[in-house]
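Just below is one structure, and these are the notes that go with it.
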Amino acid sequence: MAVERTLSIIKPDAVAKNVIGEIYTRFEKAGLKVVASKMKHLSKAEAEGFYAEHKERGFFADLVAFMTSGPVMVQVLEGEGAVLKNRELMGATNPKEAAAGTIRADFAESIDANAVHGSDSTTSAAREVAYFFAVTEICPR
Ligand code: RTP
Ligand code: MG
């Protein structure tokens, strides 16, 4: 399987719960390496641009309000099949439907406050990584 990069965000609810380290441990135990990271409090414009694909959806305003409600931790994960591997670690969007042992099953409260974001394809990953990180901020290792 090819080595890929994917964009991960630890959302405001999980940052507020102080579980950044526990979530990073799950990435590392699954063989994913953090090759870039930063904490940010997203502006409304940054959150709207990031989730632009959802702008016609009924939940868009709530999603933007939630993503700007507190700081997030943004990281680039690298590893074999990183996009799918990260989605598997995250679990289903709605934590009530997330498989036991996934990040969302263990740390998320609701479909809005669902702990993490992960790119859903290699195409999305390329756009999302570039949205938050300059090439010089990524440290392959
Ligand atoms: P994410 O983009 O945050 O990683 O989540 P996802 O791929 O699992 O879900 P997506 O369909 O991309 O939706 C983005 C975020 O919008 C919120 N959402 N709310 N109320 C609803 O029906 C609804 N559907 C989605 C979730 O917080 C989801 O993570
Ligand atoms: Mg998504």
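Pick out the one residue from LYS44, LYS33, LYS40 that is touching a residue at least 24 places away in the same chain (Cβ under 8 Å), touching a Pro at 6+ places or on another chain (Cβ under 7 Å) and open to solvent by 10 Å² or more (accessible area, probe 1.4 Å). The conditions single out LYS40. Annotation for the range 36-45: at least one member residue is in contact with a Ser or Thr (Cβ under 6 Å, 6 or more places away or on another chain) and more than 17 Å from ARG127 (Cβ to Cβ). Please work out if LEU84 is touching a strand residue (DSSP E or B) at 6+ places or on another chain (Cβ under 9 Å) and part of a helix (DSSP H, G or I). Judged against the criteria, LEU84 is a match. The number of residues in the range 49-87 being near ligand 1 (Cβ under 8 Å from one of its atoms), of a type in the set (A, V, I, L, M, F, W, C) and open to solvent by 70 Å² or more (accessible area, probe 1.4 Å) comes to 1. Could you say which residue among ALA130, ALA65, ALA126, ALA113 is away from ligand 2 (no atom under 14 Å from the Cβ) and either in contact with a Pro (Cβ under 9 Å, 6 or more places away or on another chain) or outside any helix (DSSP H, G or I) (or both)? One residue alone meets the criteria, ALA113.
Set side by side, the residues VAL83, VAL135 differ, and just one is modelled with pLDDT of 95 or more and within 12 Å of the chain's Cα centre (by Cα), which is VAL83.
Among the residues of this structure, VAL3 counts as one that is out of contact with any helix residue (DSSP H, G or I) (no Cβ under 7 Å at 6 or more places or on another chain) and over 16 Å from ALA115 (Cβ atoms). Reported count of residues in the range 93-133, each being of a type in the set (Val, Ile, Thr), within 12 Å of ligand 1 (Cβ to nearest atom) and open to solvent by 20 Å² or more (accessible area, probe 1.4 Å), is 2.
The values are calculated or read from the model by the stated rules, or taken from the named source; none is laboratory data. All of these numbers come straight from a predicted model, not from anything done at the bench. All Cβ positions, even for glycine, are placed from backbone atoms using ideal geometry, and neighbour counts span all protein chains on display. Heavy atoms of the whole protein, side chains included, go into the accessibility calculation; ligands, DNA and RNA do not. Shrake-Rupley method; radii C 1.70, N 1.55, O 1.52, S 1.80 Å.
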